[in-house]
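The values are calculated or read from the model by the stated rules, or taken from the named source; none is laboratory data. All of these numbers come straight from a predicted model, not from anything done at the bench. In this analysis, Cβ positions are derived from the backbone assuming ideal geometry, glycine residues included, and neighbour counts consider all displayed protein chains.
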């Protein structure tokens with residue numbers, strides 16, 4: 001009786017294996033593109049920590065033009081210092097984080113930049129939700145958390161960049177927050193110095209206030225004297241007239 005050889009079976013098994021491997025690679029390729037943040041050996045409460053962000057391009061026809069990052073709780077835009085990035089790209093703080101943007105990168109080129117954080121908060125991990133914009137107007141939203149629907153923690157979906165932190169070093173403390181710009185101080189009117197003597201009134205002012213020791217103007221006593229003389233003269237004239245008549 002004729003027995004089938006193992007060669008055809010082995011050949012078919014090899015073909016099936018190749019096809020399965022190709023399907024696996026093709027399925028995994030779209031999930032490979034993502035945005036990451038790295039800081040080797042970073043600990044909670046570490047100061048002046050450099051974070052390296054890398055955003056992979058997913059477009060076959062447009063270049064990356066902007067990366068907007070939403071900062072996690074405990075880090076403010078004032079705590080971020082831009083170090084380097086794509087040529088010509090600029091850093092700009094926003095009300096919820098910052099943007100790094102500029103001329104579009106060549107199609108298929110990834111975007112990478114570095115920032116320094118003044119101090120990391122005392123947490124176990126940090127999530128930096130990122131919006132990745134392209135020159136054609138499309139936006140990749142890397143904002144999903146591992147526990148949210150659509151993200152399984154294995155690179156599928158659009159997971160937000162996250163950074164796991166080691167425990168804080170012994171003795172590490174939270175430094176004072178970055179001071180916000182203060183308003184310009186107002187200039188108050190100068191107050192009187194109690195140790196400074198008031199200037200003495202001038203002689204002319206004193207003369208204007210009182211012209212005599214009794215405080216009466218000089219014309220008043222002169223007028224009284226003139227009236228007394230007139231009355232005296234009138235009385236003398238009346239007595240003389242009465243004496244002549246008698």
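Details
- When the strands (runs of 3 or more DSSP E) confined to the range 102-159 are screened for residues that are touching a helix residue (DSSP H, G or I) at 6+ places or on another chain (Cβ under 9 Å), buried (at least 17 other Cβ atoms within 10 Å of the Cβ) and at pLDDT 95 or above, those reaching at least 2 such residues are found at 111-119.
- In the set (1) touching a strand residue (DSSP E or B) at 6+ places or on another chain (Cβ under 9 Å); (2) modelled with pLDDT of 95 or more; (3) part of a loop (DSSP other than H, G, I, E, B), the condition left unmet by residue 95 is number (1).
- For residue 61, the criteria (1) modelled with pLDDT of 95 or more; (2) surrounded by 10 or more Cβ atoms within 10 Å (Cβ to Cβ); (3) within 32 Å of the chain's Cα centre (by Cα) hold in every case but one, which is (3).
- Pick from the range 66-92, criterion free of Cβ contacts under 8 Å to residues at least 24 places away in the same chain and in a strand (DSSP E or B), ranking: surrounded by the fewest Cβ atoms within 10 Å (Cβ to Cβ): 90
- Index of the failed condition, residue 57 passing every other in (1) in contact with a strand residue (DSSP E or B) (Cβ under 7 Å, 6 or more places away or on another chain); (2) more than 18 Å from residue 137 (Cβ to Cβ): (2)
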